[in-house]
Amino acid sequence: MTTDTEPATALEPVAEFRARAREWLRENLPPASPPDGDAYSEESWDRARQLQRILYDGGFAGICFPVEYGGRGLTPAHQQAFTEESNPYEMPLLLNVPTLAICAASLLDIGTEDQKRAHLPAVLRGEELLVQFLSEPRGGSDLAGLTTRADRDGERWILNGSKIWSSGAYAADYGLCLARTNWEAPKHRGLTLFLVPVHAEGVTVQRIKQVTGSTEFCQEFFDDVALPPESVLGRVDEGWEAATLLLNHERAALGGTSPYTSGARPHLGGEVDQLLQLARATGHLDDPRTREDIGEARAMNVVRDQLIDHVTAAILSGELPPSAGAITRLFSAENAWLQTDAAVRIAGSAAATHASGDPADTEKVGLDYLFRAAWSLAGGSTEMARNVISERVLGMPREYAADRNVPFNQVEHGRR
């Protein structure tokens, strides 16, 4: 394996960087292959860590992260060029979301210098995986109404409560956990974000089995977890501002505008080639409705790619606020619905009655359809995305909330 641990200059032309990346990828990474077995197994996470270290040693990890924290200090255009060149190769895609594009990006924004130097290089080397501890079992979409609490005990904090739907928590090293630290303040002004060791005493992680059979998501329980003062990310009682930055990164990651993902982008609505292969394998390619579905899917993907380019450029130039990532996040969810529905129509009953040896891979079609609803929730619900667009991008008035500016300990809560 070749190595290149010296940072590439930020002035390196993108075309030269692309050519250098193409040659390095050919010499150092194996071709990509279809997943074999559980994509979220312990072995898959270990392999992702190994691949991340190969990228780091070769000088292609953290392309848009600053050099002082182990990155390359280059531009989104360099990252896009590397992503395009790396698509045919095996890449540590598991680390894109949430570790790199959401958690590490948030740490870069709000972490102290000590926190950034302690964790970001370790993340880029594949030594640390980060996860989000945000949603709660009875919280729904009202993230600010959370009841996981952190209480002061001298210099330290004591964390109690539960989080849920944390992707990959069982394989992670640290979680970014939003907890309530001031019950007398209104709900948005009494929160604090903490960096919690996943394997600390008092932390229990339970995997959740979904209808698809996947156990990617987890629920966590915190029982008197002791945290030192340096575990606070941002300012005490100002965790909502920190969470807002984190959610902006999450929407960017799921909408395709994040400069911190590397390799094939997250699920943004699928690729038309998959529908073409399915239509050929099922003998439906000449069916007029199938051809209409494939044409609509292709048009949506063209719009998706142009929308991502436009919104990304507008955010980078300051023409749009970072919250505009909700636009592409919403579109990608709707595109995912359209394309999973099209795949089921093309596959027909085979999507539900998949037989072993079927060349059409209709099992994946059925499983994708079962997971369809997740794309209306990932990165915040589509309803919340519409609220973000209306209020923070278009400047429309906020909707009425009965508990606004009411101390949280005076707000009535639903009972278990």
Accessible area expressed per residue, region 266-393, with surrounding protein chains retained (probe 1.4 Å, Å²): 50 Å²
field: Mean projected area (nm²) of the alpha-carbon convex hull when region 6-128 is viewed from all directions
entry: 7.4 nm²
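How long is the gain from residue 151 to residue 211 if the chain were fully straight, where each residue apart is worth 0.36 nm and the alpha carbon distance is subtracted?
17.9 nm
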- line: Sorted by chain and then number, the residues having a modelled amide H within less than 5 Å of the amide H of residue 173, at least 5 places away or on another chain, are 129, 130
message: How large a share of the accessible area of region 18-129, in percent, is made up of carbon and sulfur atoms when the probe is 1.4 Å and the other protein chains stay in place?
response: 49 percent
message: Can you pull out the GluC sites (Glu not before Pro) in region 260-349 whose DSSP state is coil and whose Cβ has at most 12 other Cβ atoms within 10 Å?
response: 319
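How high is the relative contact order of region 18-129, in percent, counting Cα pairs under 8 Å that sit 6 or more residues apart?
Details: 116 pairs, mean separation 38.4, N = 112.
Answer for region 18-129 is 34 percent.
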- request: Would you list which lysines come within 23 Å of residue 163, measuring only between C-alpha atoms, while excluding same-chain residues fewer than 8 positions from it?
  value: 187, 209
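Helix-only mean residue ellipticity at 222 nm, the chain, DSSP H runs n ≥ 4 weighted -39,500 (n - 2.57), per residue, nearest 500. What is it?
On the way: 11 runs with 158 residues, N = 416.
Value at 222 nm, helices only: -12500 deg cm²/dmol.
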task: Could you work out how far helix 76-86 tilts from the main Cα principal axis of the chain, as a 0 to 90 degree angle to the nearest 10?
output: 50 degrees
message: Rounding to the nearest 10 and keeping the result within 0 to 90°, find how far the Cα-based axis of helix 239-255 lies from the longest principal axis of the chain.
response: 0 degrees
task: Mind pulling the angle between the C-alpha long axis of helix 325-347 and the longest principal axis of the chain? Nearest 10 degrees, somewhere in 0 to 90.
output: 40 degrees
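So what are region 60-130's ellipsoid semi-axes, whole angstrom, largest first, if each one is the square root of 5 times an eigenvalue of the alpha-carbon gyration tensor? It would help to have the intermediate numbers written out before the result.
On the way: eigenvalues 86, 36, 19 Å².
One finds semi-axes of 21, 13, 10 Å for region 60-130.
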query: What is the Å³ per residue value for the convex hull set by the Cα atoms of the chain?
result: 157 Å³
query: What residue among 338, 193, 233 shows peak mean-square fluctuation when the chain is described by a Gaussian network model with Cα springs under 10 Å?
result: 338
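Short version: what are the Cα gyration tensor semi-axes of region 132-237, square root of 5 times each eigenvalue, largest first, in whole Å? Write down the numbers at each step before the final one.
Values: eigenvalues 109, 53, 21 Å².
Three semi-axes, in Å: 23, 16, 10.
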task: Starting from the Cα gyration tensor of region 266-393, take the square roots of the eigenvalues, sort them a ≥ b ≥ c, and report rounded, prolate or oblate (rounded when a/c is under 1.5, otherwise prolate if a/b is larger than b/c, else oblate).
output: prolate
message: For Cα pairs less than 8 Å apart in space and 6+ apart in sequence, what is the mean separation divided by the residue count of the chain, i.e. the relative contact order in percent?
response: 14 percent
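The values are calculated or read from the model by the stated rules, or taken from the named source; none is laboratory data. What you are looking at is a predicted structure, and each value in this text was computed from that prediction instead of being measured. So basically every Cβ, Gly included, is an ideal-geometry build from the backbone, and we count neighbours across all protein chains shown. For the accessible areas, the whole protein counts, side chains as well, though only heavy atoms, and no ligand, DNA or RNA atoms are used. Shrake-Rupley method; radii C 1.70, N 1.55, O 1.52, S 1.80 Å.
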